[in-house]
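**Student:** Have a look at this one.
No lab work stands behind these numbers, since they all come straight from the coordinates. Please read these numbers as outputs of a predicted model, since none were measured by experiment. So basically every Cβ, Gly included, is an ideal-geometry build from the backbone, and we count neighbours across all protein chains shown.
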Amino acid sequence: MIRIRRLFNPYIPHNIDAFNAVKNIIKEQFPLLAIEKIDEIEDQLINPLKYKYHTSLFIAEDIHDSIKGVALVLHFTDLGIFYLDYLAVKPGKSSGGIGSALYQRIRKEASLLNVFGIFLECLPDDPLLCNNPEDVEQNKKRLAFYERFGARPIINTLYESKVKPDDDCPPYLVFDGLGNYDSIPNKLARNIIQAILERKYNDYCDEKYITRVIESIKDDPVQLRPFRYIHNKTLIHNIVTPHTYTIRLYINDRHHIHHVKDRGYVESPVRVKSILSELLKSDIFENGKISHYPDKFIYEVHNKNYVDYFKNVCKNLPEGKSVYPYVFPIRNAARAPRELSVRAGYYCFDTFTPLNKNAYLAARWGVNCVLSAVDDIVSGIPVAYVLTRPPGHHAEHSVFGGFCYFNNVAIAAQRFSKVGKVAILDIDYHHGNGQQQIFYKRNDVLTISIHGHPSFAYPYFSGFAEELGEENGKGFNYNFPLPETISYDKYKHTLLRAVKIIKDFNPDFLIVALGLDVGKGDPTGTWGLVKEDFYTNGGIIATCGIPTLIVQEGGYRNLTIGKNAFAFFMGFYNSFTLKK
């Protein structure tokens, strides 16, 4: 599996290694390129005013975060164009299709930013311009690659003329109109070509050469070379219409195997069905692909002994039997009981969260759902929703409880944190103790929870306002415990405060732990929010304007949770505009 992400900050520790790998790939694929030019990329990323363009670096990574390809794009914002500086793939058996995926990602970014088109240079396929026949054949393949997307060389200009007499293979200037344009107005073409030559090649092209090229542009509009390698029917059409998006939906279709029929157990499969039946009435959702991820991503958040215990105890339980923790090792927490069923209390903090044969399987597939959503967001989709059960936000590093076994939100935040800052906003009726405990000493993950006061609401022993974080995390954990009965105005005021904190933190990613148990009549809550309130909540949170992952947590009144969920997402969808 490959994900493509934009590398924003080259100084994040994880990105330092990625950036070094990027430079090695460029060196390997462009051996004649001066080292100084490669080393300059870092400065380009952080100093756009100096270069008169914004630089974006896209990298293709496998599931182990190994860099497989790179694309460097220059955004000439004053002219509304992209210039593709480098597109390089690391050689190897696994490199097939990576170049195409990278270029499609760039086209999508260009369309979302509403640019006129993408310009790039390709070495010529004309033997009169390129002396080496082997180079000509290679150039043909490269030009054929871009032709698949409709991109072709600009013709009837002197762009592909030699700058110096001993130059060989002067490049074509290729234009990709993103499926919207196949020619360029003369005045715009002159301005674009002059900007490329002056900003990109000011140390190589003198003023006399630039003037000669500009004056050679006579056609109006400027034309592209006819298709030479690709028939129109084989063109790739994959453009995203500007300013439109869908919410990518990841459904844990294996949740239903975890079905506990004990009386009073409200965390039932019908929850997902109730929500999904309402969401599918709208066309703002599209299904996401779910991939399998190794356990190492869980071990980064949860204690390995706990994870292994959870897996093994569930595997060995008979079908239809549930084990509830009932003995808790307050006096001797250092030694785990030998008997697996007894050991439940060693890894749990309540008496009503059962273990059964399918609890692990359902929770484990939920992890795959949330990690798939994370990687798709990192790759460029703006919003994703993971509809899963069992929930996760009560699970801490080494213990489960509150119907939760794996903390999906925390696992997602940990994955996001490798590439940027993360904010978590938990709006479940119950305190998000799991995220708080896991990130309590960290300052790269902001944790906020709005919930019923622990004096009356589960989990009772955490969620107080004075819990602000420790060590590096001091000041990066916020709790807003609210009274048992509140007006919506009071709730809305609190939510606005939380969103203000998020905006001040300026994260790269937002995770919303969506609890629908704040709704009127929920058997586990005491508040009275109705669908109009959920609509407003969605709109308020959307104003953060950053890539957002929404993960389903609580909500147990099946008559209304679907309508409330639909209202939340419509409010979010109608207000969301990506700002970063």
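**Student:** Is there a pair in Lys37/Lys208; Lys52/Lys579; Lys37/Lys441 whose C-alpha atoms are over 30 Å apart, and which pairs would that be?
**Tutor:** Flagged as over cut-off: Lys37/Lys441.
**Student:** By the 4.7 Å beta carbon criterion, which cysteine residues of the chain come out unpaired?
**Tutor:** When partners are defined as cysteine Cβ atoms under 4.7 Å apart, the chain leaves Cys122, Cys205, Cys314, Cys348, Cys369, Cys404, Cys544 without one.
**Student:** How would you rank Arg225, Arg105, going from fewest to most other Cβ atoms within 10 Å of each one's own Cβ?
**Tutor:** Lowest to highest Cβ neighbour count: Arg225, Arg105.
**Student:** Given the -39500 (n - 2.57) contribution per DSSP H run of 4+ residues, what per-residue ellipticity at 222 nm results for the chain, rounded to the nearest 500 deg cm²/dmol?
**Tutor:** Helix contribution divided over all residues of the chain: -10500 deg cm²/dmol.
**Student:** Enumerate by residue number the trypsin sites (Lys or Arg not before Pro) in region 456-509 meeting two conditions: DSSP loop (anything except H, G, I, E, B), and at most 12 other Cβ atoms within 10 Å of the site's Cβ.
**Tutor:** Here the trypsin sites (Lys or Arg not before Pro) that fit, given the DSSP loop and packing criteria, are Lys474.
**Student:** Moving on to the next point. What percent does the relative contact order of region 493-580 come to when contacts are Cα pairs within less than 8 Å and at least six residues apart?
**Tutor:** The value is 37 percent.
**Student:** Excluding residues fewer than 8 places away in the same chain, name every one of the lysines whose C-alpha is closer than 24 Å to that of Lys281.
**Tutor:** Straight-distance partners of Lys281: Lys273, Lys289, Lys520, Lys531, Lys563.
**Student:** Right, something else. Quick check: net charge around Asp62, other residues with Cβ under 9 Å of its Cβ, Lys/Arg +1 and Asp/Glu -1?
**Tutor:** 0
**Student:** With the cut-off at 1.5 for a/c, could you classify region 534-580 from its C-alpha gyration tensor as rounded, prolate or oblate?
**Tutor:** Prolate shape, in that a/c is at least 1.5 and a/b is the bigger ratio.
**Student:** For region 375-467, state which chymotrypsin sites (Phe, Trp or Tyr not before Pro) are in a DSSP loop and have at most 16 other beta carbons lying within 10 Å of their beta carbon.
**Tutor:** Filter output for region 375-467: Phe456, Tyr460, Phe461, Phe464.
**Student:** Shifting gears a bit: Quick check for me: using +1 on Lys/Arg Cβ and -1 on Asp/Glu Cβ, what's the dipole size of region 172-217 about its Cα centre, in debye to the nearest 20?
**Tutor:** About 100 debye.
**Student:** With axes computed from alpha carbons, what is the tilt in degrees of helix 186-200 against the longest principal axis of the chain, rounded to the nearest 10 within 0 to 90?
**Tutor:** In the chain, helix 186-200 runs at an angle near 80 degrees to the longest axis.
**Student:** With a bin width of 5 angstrom, please list the P(r) values of region 430-516 as percents of all Cα-Cα pairs, from the 0 bin to the one holding the largest distance.
**Tutor:** All Cα pairs, binned at 5 Å, distribute as 3, 15, 24, 27, 19, 9, 3, 0 percent.
**Student:** Compute the separation of the alpha-carbon centres of region 44-66 and region 288-331 and state it in Å as a whole number.
**Tutor:** Rounded to whole Å, the Cα centres lie 39 Å apart.
**Student:** Share of antiparallel DSSP beta bridges in region 247-575, in percent to the nearest 5?
**Tutor:** 10 percent
**Student:** From the Cα gyration tensor of region 247-575, with a ≥ b ≥ c the square roots of its eigenvalues, which class applies: rounded if a/c is under 1.5, or else prolate if a/b is larger than b/c, or else oblate?
**Tutor:** Rounded is the answer for region 247-575, as its axis ratio a/c remains below 1.5.
**Student:** While we're looking at this one, here's another question. What fraction of the DSSP beta bridges in the chain is antiparallel, stated in percent and rounded to the nearest 5?
**Tutor:** Roughly 50 percent of the beta bridges in the chain run antiparallel, per DSSP.
**Student:** Using +1 at the C-beta of Lys and Arg and -1 at the C-beta of Asp and Glu, which of Leu143, Ile98, Val73 has the Cα lying farthest in the positive direction of the dipole of region 63-144?
**Tutor:** Value computed over the given set: Ile98.
**Student:** Looking at the chain from every direction and averaging, what is the projected area of its Cα convex hull in nm²?
**Tutor:** Average of the hull's projected areas for the chain equals 29.3 nm².
**Student:** Let me ask another. Which ordering of Leu355, Leu514 is given by a fewest-first count of other beta-carbon atoms within 10 Å?
**Tutor:** By the 10 Å Cβ count, ascending: Leu355, Leu514.
**Student:** Of all GluC sites (Glu not before Pro) in region 406-470, which ones are in loop regions per DSSP and have a Cβ with at most 15 other Cβ atoms within 10 Å?
**Tutor:** Passing sites in region 406-470 are Glu466, Glu470.
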